[in-house]
1. Considering only segment 140-150, I want to know if a residue exists there that is of a type in the set (A, V, I, L, M), closer than 21 Å to residue 98 by Cβ, within 16 Å of the ligand (Cβ to nearest atom) and within 16 Å of the chain's Cα centre (by Cα).
2. Restricting attention to segment 124-149, which residues are in contact with a helix residue (DSSP H, G or I) (Cβ under 9 Å, 6 or more places away or on another chain) and touching a residue at least 60 places away in the same chain (Cβ under 8 Å)?
3. Restricting to segment 242-260, give me the number of residues that are more than 14 Å from the ligand (Cβ to nearest atom) and either assigned to a helix (DSSP H, G or I) or within 11 Å of residue 216 (Cα to Cα) (or both).
4. Considering segment 175-193 alone, what residues qualify as being within 16 Å of the ligand (Cβ to nearest atom) and either of a type outside the set (A, V, I, L, M) or at negative phi (or both)?
5. Of all residues being assigned to a loop (DSSP other than H, G, I, E, B), touching a Leu at 6+ places or on another chain (Cβ under 9 Å) and at pLDDT 95 or above in segment 263-293, which is surrounded by the most Cβ atoms within 10 Å (Cβ to Cβ)? Just the residue, please.
6. Kindly list the number of the only condition in (1) at pLDDT 95 or above; (2) out of contact with any helix residue (DSSP H, G or I) (no Cβ under 7 Å at 6 or more places or on another chain); (3) surrounded by 14 or more Cβ atoms within 10 Å (Cβ to Cβ); (4) closer than 30 Å to residue 148 by Cβ that fails for residue 212.
7. Filter segment 1-49 down to residues that are basic (Lys, Arg) and away from the ligand (no atom under 16 Å from the Cβ) and give me whichever is modelled with the highest pLDDT.
8. From the list 116, 77, which one is of a type outside the set (Ser, Thr, Tyr) and under 22 Å from residue 246 (Cβ atoms)?
Amino acid sequence: MIIDIHTHLPYDREAAAPLEPLKPTVSSRPDRSTRPRYTWKEFVEVMKPVDRVVVFNIARDPAAAPGPEEFMQPAREVNDSVAEFVKQQGGKFIGFMSVHPRDPNFLQEMDRAYYELGLRGVKLGPNYQNFDPLSEGAFQIYKKAQDLKIPVLFHQGTSPTRFADLDYAHPRHADRIGMAFPDLKIVLAHMGHPWQADCIAVIRKHPNIYADCSALFYRPWSHYNCMRLATEWSVLHKLLFASDCPAAATPEETMAGMRRVNEIIEGTKLPPVPEEAIEEIIHRNSLELLGLE
Ligand SMILES: [Zn+2]
């Protein structure tokens, strides 16, 4: 059983005009061009190698000025389309909601998304959404999620988006969230890259805080380093498989990349990442760990 705990629902239900050609986006992936726009059908196709998939999008800041994040939709629209997609696919996909603490009705929207739409977790990107993850409004979201017994997955770490506040996505903030909401299940995306060491410091002390391994493999030195740090700090069991598809990579590419983690040290005396640990991450039952099964 392979579970991908972090994917984004494409905005294009059908082929929107001719699909965009590959664009060189060195800022997000150093090794190759990416095509972040998929249709729903293409997305389902690239998800074939995995058995279960968590899918979501990020609700926009209601006060956002028009800008590069303009494509982001208000919470209600995001949640409706995720729920529609999940229903259409029947069983394999698990939808998470997204909300914004400055929306006037965000707690009601959480109820609606949970009880009416059947969404089973919360995705937040405080940097993209421009809110302080330690603010009062944010804490109301965590409290509500803890009461509903649903996990929260945060985008963590850097982003090439110029006006997305880096500090809002720093994994150290999860420590305070974990202390305030000890029963809340949390996933820190991308091991907080490039602050993987800080992410490890948090997940090792909080039994309910995990990290996902998406978007790491294509920076081979950084990938090797964080997996070695995770080995030495004994947190390999807290790492969950994820692709961040279509933003970063497909699940197939991610699995292959993770299995190549030790390639970079061939011919050196550097210690390898245990290969069986990589297989355990790929086959980990994240749904059970997050209370989703
Ligand atoms: Zn993502």
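The values are calculated or read from the model by the stated rules, or taken from the named source; none is laboratory data. It should be emphasised that the depicted structure is a prediction, and the values quoted were computed from it without experimental measurement. Every residue, glycine among them, receives a Cβ derived from its backbone with ideal geometry; neighbour counts consider all protein chains shown.
1. Here is the first cut: in segment 140-150, the ones of a type in the set (A, V, I, L, M) are 141, 145, 148, 150.
Cutting the leftovers down to closer than 21 Å to residue 98 by Cβ gives us 141, 145, 148, 150.
Checking the rest, the ones that are also within 16 Å of the ligand (Cβ to nearest atom) come to none.
Within segment 140-150, none of the residues are of a type in the set (A, V, I, L, M), closer than 21 Å to residue 98 by Cβ, within 16 Å of the ligand (Cβ to nearest atom) and within 16 Å of the chain's Cα centre (by Cα).
2. 124, 125, 128, 129, 130, 131 - these are the residues of segment 124-149 that are in contact with a helix residue (DSSP H, G or I) (Cβ under 9 Å, 6 or more places away or on another chain) and touching a residue at least 60 places away in the same chain (Cβ under 8 Å).
3. 7
4. As a first pass, look at segment 175-193 and keep what is within 16 Å of the ligand (Cβ to nearest atom): 186-193.
Result: 186, 187, 188, 189, 190, 192, 193.
5. If we filter segment 263-293 for residues that are assigned to a loop (DSSP other than H, G, I, E, B), which is where we start, we get 266-274, 283-285, 290-293.
Okay, now just the ones that are also touching a Leu at 6+ places or on another chain (Cβ under 9 Å), so 273-274, 284, 290, 293.
Narrowing the set further to residues that are at pLDDT 95 or above leaves 273-274, 284, 290.
Details: 273: 21, 274: 14, 284: 22, 290: 25.
So, considering only residues that are assigned to a loop (DSSP other than H, G, I, E, B), touching a Leu at 6+ places or on another chain (Cβ under 9 Å) and at pLDDT 95 or above, the one surrounded by the most Cβ atoms within 10 Å (Cβ to Cβ) is 290.
6. Just one mismatch for residue 212, condition (2).
7. At the first step, the residues of segment 1-49 found to be basic (Lys, Arg) are 13, 23, 29, 32, 35, 37, 41, 48.
Checking which are away from the ligand (no atom under 16 Å from the Cβ) leaves us with 13, 23, 32, 41, 48.
Working: 13: 83, 23: 54, 32: 74, 41: 91, 48: 96.
Only one residue tops the list, namely 48.
8. 77
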